[in-house]
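Reading through the structure tokens given below for one structure.
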Amino acid sequence: MAQAHPADPPGVISPWAMVVRDGRIAWVGAPADAPREPEADVGEDLGPALVTPGLVDAHTHPVYAGDRSDETAARLAGAPYTGGGILRTVTATRATSDDELRELVAERLRAQLAAGTTTVEAKSGYGLSSQEELRALRIIREVGATLPLRVVPTLLGAHAVPPEAASAAAWAETVASEMIPAAAAEGLAVFCDVFCDRGFFSPAEAELILRAARAHGLGVRMHAEQLARTGAAELAVRLGAVSVDHLEQLDPAGVAALSGSGVVATLLPAPALVMRDRLPPARALLDAGVTVALASDANAGTFGGWGQMPLVMGLGATALGMTADEALAAATAGGAASLGLSADRGRLAAGFAADIVAWDAEHEGAFALRLGAVRPIRVWIGGEEVLGPDRTLAGG
Ligand SMILES: [Zn+2]
């Protein structure tokens, strides 16, 4: 088993065995070497099934209402993408009750779990007022408490400039001085994110927001280099961000800036394909030693596929030029690194959380071969079975 670096592939042992105790993996190795567990009360034989760590989807936007598939069709027919569609979702989301939003979020997160994701990052960002952004974060917390999967909340108050704000600069000031202190005081977010890109927030505005976030104890991540090469990657390095996400427009200088920085590159192939955008330079990032995560970016306007992390891994291995091992590592250990959870999740190794998925496949190459069609047959979180033959999805 690889243990040294968060981007190492999980490794393959066959045949193999694992001991789980008190929600954690206690031992992994060859069956003949298994420690005797006289008090073991449950034994499982998973046959030839591929078994992986629970998937870690480090980038999603689940709190929204409305449907923008018409906008997607228009864009594919040639209308330019401006991102203005975010404000359409903001209008629909503000008009939706707490109960309805909770049900929408629960449905999306249940789909994630049913597809093998055991840890999911969840952003606000379709409220765009202090009150609405805090409402979204409370809904994420409330829904997370009803489901077995592990939810990591992120404040994305700077997802777009709301119509009520005078300018991007004025809105950045409001996010930094009002929204971040309020979210931090209520313990509603682990991370703060900013859409730092052409037509959204400049690097200077992003820096104002992210420095405020750090001062209030939040971790920092960024939507960066998606629409234009702005220098957001270099800013992330300077600010000590945990992750920079997207990177479709990253150039060799940007790859060099991330190399050795410790900032994780979280790549999102699905929305890049939906938008017919350039694909991020996954191969160059991996070859430069950057820790790469693969995430879904499931959201309202550029990729609406909830429960599609098996597809995202397949796209990593096909469209992004990663090996099947690298794609699996990026969706497990890489995702954990993107969320600052490298010591706890994303690996099948002693000491790690017993978040485990058995698949209807026998080799990780299936994620590429069966693009989007590989599904879990059993899922455990913290050693508790949450999906399997004897139970439908827990928390339903
Ligand atoms: Zn996003």
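Rounded to the nearest 10 degrees, the inclination of helix 203-215 to the longest alpha-carbon principal axis of the chain is 60 degrees. Springs between Cα atoms under 10 Å define the GNM used for the chain, and in it the highest mean-square fluctuation of Ala241, Ala32, Ala253 occurs at Ala32.
Given contacts defined as C-alpha pairs under 8 Å and at least six residues apart, what's the relative contact order of the chain, whole-number percent? Intermediate values should be presented prior to the final figure.
Numbers: 913 pairs, mean separation 85.4, N = 396.
The normalised contact order for the chain reaches 22 percent.
Rg then Dmax, both in Å and based on the Cα atoms of the chain: 20.3, 68.
Remark: the stretch 221-330 carries 27 Å² of accessible area per residue (probe radius 1.4 Å; ligands, DNA and RNA excluded).
Between 0 and 90 degrees, the angle of helix 130-146 with respect to the longest Cα principal axis of the chain falls at about 10 degrees. Here the chain has 53 percent of its accessible surface on carbon and sulfur atoms, given a 1.4 Å probe and all protein chains in place. The gain in end-to-end length when the Asp287 to His363 segment is fully stretched comes to 24.9 nm, 0.36 nm per residue minus the alpha carbon separation. Rg over Rh for the stretch 104-259 works out to 0.98, using Cα positions for both radii and the Kirkwood form for Rh.
Just grab the label-to-label distance for Ala169 and Ala26, each label 7 Å out from Cα along the Cβ direction, in nm (one decimal). Taking the simple label geometry, Ala169 and Ala26 are separated by 6.2 nm. Let me see the pair-distance distribution of the stretch 96-154: every alpha carbon pair, 10 Å bin width, integer percents in order. Answer for the stretch 96-154: a P(r) of 24, 57, 19, 1 percent.
Which one of Val28, Val42, Val105 has the biggest mean-square fluctuation once the chain is modelled by GNM with Cα springs under 10 Å? Among Val28, Val42, Val105, the largest mean-square fluctuation in the Gaussian network model of the chain belongs to Val42. Applying the Karplus relation 6.51 cos²θ - 1.76 cosθ + 1.60 with θ = phi - 60° to the stretch 325-340 yields 3J(HN,Hα) values of 4, 5, 5, 5, 4, 5, 8, 10, 4, x, x, 4, 5, 4, 9, x Hz, where x marks Gly and Pro. Between Thr146 and Ala73, the modelled labels are 3.2 nm apart [label points 7 Å from Cα along Cα→Cβ].
For the stretch 51-90, the calculated P(r) over all alpha carbon pairs, in 5 Å bins from 0 to the bin holding the longest distance, is 6, 16, 21, 17, 13, 10, 8, 7, 2 percent. The stretch 305-391 has equivalent-ellipsoid semi-axes of 21, 18, 10 Å, by the square roots of 5 times the alpha carbon gyration tensor eigenvalues, sorted largest first. For the stretch 174-289, the equivalent ellipsoid derived from the alpha-carbon gyration tensor has semi-axes of 25, 15, 12 Å in decreasing order. Its Cα gyration tensor gives the stretch 245-370 an equivalent ellipsoid. The semi-axes, each the square root of 5 times an eigenvalue, are 22, 19, 13 Å from largest down. Note on the chain: with a GNM built from Cα contacts shorter than 10 Å, the maximum mean-square fluctuation among Asp67, Asp245, Asp99 falls on Asp99. The alpha carbons of the stretch 294-342 stretch over 28, 26, 14 Å along the principal axes, in descending order.
Between amide H atoms placed 1.01 Å from N, distances below 5 Å from Ile377 occur with Ala358, Trp359, Asp360, all of them 5 or more places distant or on a separate chain.
The values are calculated or read from the model by the stated rules, or taken from the named source; none is laboratory data. Nothing here was measured: the structure is a model prediction, and the numbers come from that model. Counting neighbours? That spans all protein chains shown, and the Cβs are built from the backbone with ideal geometry, glycine included. To get the accessible areas, we keep the full protein, side chains included, count just its heavy atoms, and leave off ligands, DNA and RNA. Shrake-Rupley method; radii C 1.70, N 1.55, O 1.52, S 1.80 Å.
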